[in-house]
Amino acid sequence: MKVLVIIPAYNEESALGAVLNSLQGTCPGYDLLVVNDASADRTEMVARHHPGVKVLSLPCNLGIGGSVQTGFQLAVDKGYDIAVQFDADGQHNAADLAKLIAMVAEGEADIAIGSRFNARDMEGFRSTGLRRLGIRIFQMVSLLLAGQKITDHTSGFRAYNRKAFEFLAFHYPVDFPEPEVVIMMARKGFRIRETFSQMFERQGGVSSIPLHKGPYYMTKVLLAMWMAALRKNQS
Amino acid sequence: MARMQIIAILFSLGLLAYILRIISRKSLKEEYSLLWLGVSIVFLIFSAWRQGLEMMANLLGVAYAPAALFIILLVGMLLILIQFSMILSQLSDRSRVMAQKYALLKLELETLKEEVARWSDRDKEAGTDLPAPAKESGPGA
């Protein structure tokens, strides 16, 4: 089973090296692909000097959606069976990667999401109050629009099977894609499952959604989710 | 003829002439010019045809007929702006696809270059100083 781990990176020079090390340490059999989204810092150097890592360098900044999608396109081209999205800021736990991949590989799900929320309690990760509010809103909206109980829409820790990433290689939302993808894929009939994965504080870099852009982010993503739900029957 | 009407006619004639000129100079593509032409022609018609404008004003419930001209202009601008937003979305989509293709091709090229370098190194070690014999034996052979 060929697995490609896609690591979208925008100005992540400080955290990226450790992330790559942890991935290579826990799962040496997987191919690692860093998608450098036109970073202004040494992200590309860090990635290129890391042995055994493929680097895709975008000529202009496309945002996380466009970066991950480029990874999917490579996965389609090179005949991978599973594609994983793994953020470059060190907040995901590489030890859970095998668990996510197993869910997809064994056919339990088309998309497996590593959720920061445990089914029983909400331990694991303390977000700021406003972020939690945003996450709550996403949960309600997705239950309404897609009929799926997903707890963590914003998680960037996901494994996709071939069918799912083949679709996304050509239909991927661009800016802040995670919540929208959940709706879109659920509506398309893909099976989405979550599993608990502990999230760490980011190890470096800055969030793609600073606090003052929160309302803009929420409005845009909610609109996109709604539109994704309306587009149900289109190809 | 009211002064307002004269100004409106001159303005719309000027607009029409300018748009035709930039189309002929190829500064404006035909496909994007249709709305501009349409708006300026409609504006010209209602500037010149006073009765028509009054009928229109009646229909819209506007007491002062020339104000209806502004409504026409406003609706026209709105349509053109929406068209702009659509074109922008399309363009940003296309540039995204191109950036992605470029990045993928670059990786492919880098991989091939490494492959070639490996082969020519091997040849140098073997004493034959020819370019990589890519045709005869595949990679990893």
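The values are calculated or read from the model by the stated rules, or taken from the named source; none is laboratory data. The structure presented is a predicted model; accordingly, all values stated were derived computationally and were not measured. Note that we place each Cβ from the backbone using ideal geometry, even for glycine, and neighbour counts take in every protein chain shown. Just so you know, the surface numbers come from the protein's heavy atoms only, side chains and all, with ligands and any DNA or RNA stripped out. Shrake-Rupley method; radii C 1.70, N 1.55, O 1.52, S 1.80 Å.
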* Among what's in segment A:33-47 and is among the hydrophobic types (A, V, I, L, M, F, W, C) and modelled with pLDDT under 95, pick the residue that is nearest to A:A83 (Cα to Cα). => A:A47
* To do: Could you grab me the full set of residues in segment A:137-153 that are part of a helix (DSSP H, G or I) and closer than 14 Å to A:F117 by Cβ?
  => A:F138, A:Q139, A:S142
* To do: Please give the strands (runs of 3 or more DSSP E) falling wholly within segment A:1-116 in which 3 or more residues are open to solvent by less than 50 Å² (accessible area, probe 1.4 Å) and either away from every other protein chain (no Cβ under 12 Å) or farther than 22 Å from A:R202 by Cβ (or both).
  => A:3-9, A:82-85, A:111-115
* Asked: Do we have B:E30 as among the charged types (D, E, K, R), in contact with a helix residue (DSSP H, G or I) (Cβ under 7 Å, 6 or more places away or on another chain) and open to solvent by 100 Å² or more (accessible area, probe 1.4 Å) here?
  -> yes
* Asked: Only one of (1) over 26 Å from A:D77 (Cα atoms); (2) modelled with pLDDT of 90 or more; (3) away from chain A (no Cβ under 14 Å); (4) loosely packed, with under 14 Cβ neighbours inside 10 Å is not met by B:L88, so which one is it?
  -> (3)
* Where a residue in segment A:1-24 is modelled with pLDDT of 90 or more and its partner, wherever it lies, is in a helix (DSSP H, G or I) and open to solvent by 60 Å² or more (accessible area, probe 1.4 Å), with Cβ under 9 Å and at least six apart -> A:E13/A:M45; A:S22/A:A95
* Of all residues in segment A:159-184, which are within 14 Å of the chain's Cα centre (by Cα) and closer than 21 Å to A:M140 by Cα? -> A:P173, A:F176, A:P177, A:E178, A:P179, A:E180, A:V181, A:V182
* **Lone unmet requirement of (1) surrounded by 13 or more Cβ atoms within 10 Å (Cβ to Cβ); (2) part of a helix (DSSP H, G or I); (3) modelled with pLDDT under 90 for B:D121** => (1)
* Asked: What's the number of the condition A:S207 fails, among (1) surrounded by 15 or more Cβ atoms within 10 Å (Cβ to Cβ); (2) at pLDDT below 75; (3) within 16 Å of the chain's Cα centre (by Cα)?
  -> (1)
* Name the residue, out of A:G156, A:G134, that is of a type in the set (G, A, S) and assigned to a helix (DSSP H, G or I). => A:G134
* To do: Only one of these is free of Cβ contacts under 8 Å to residues at least 12 places away in the same chain and surrounded by 12 or more Cβ atoms within 10 Å (Cβ to Cβ): B:S40, B:S95. Name it.
  => B:S95
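When you scan segment A:155-175, how many residues do you find that are at pLDDT 80 or above and open to solvent by 10 Å² or more (accessible area, probe 1.4 Å)? Lay out the reasoning, then the answer.
Within segment A:155-175, the subset at pLDDT 80 or above is A:155-171.
Remaining after also requiring open to solvent by 10 Å² or more (accessible area, probe 1.4 Å): A:161-163, A:166-167, A:170-171.
Counting residues in segment A:155-175 that are at pLDDT 80 or above and open to solvent by 10 Å² or more (accessible area, probe 1.4 Å) gives 7.
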* Structure fact -> For segment A:176-203, the count of residues that are open to solvent by less than 40 Å² (accessible area, probe 1.4 Å) and away from chain B (no Cβ under 14 Å) equals 14
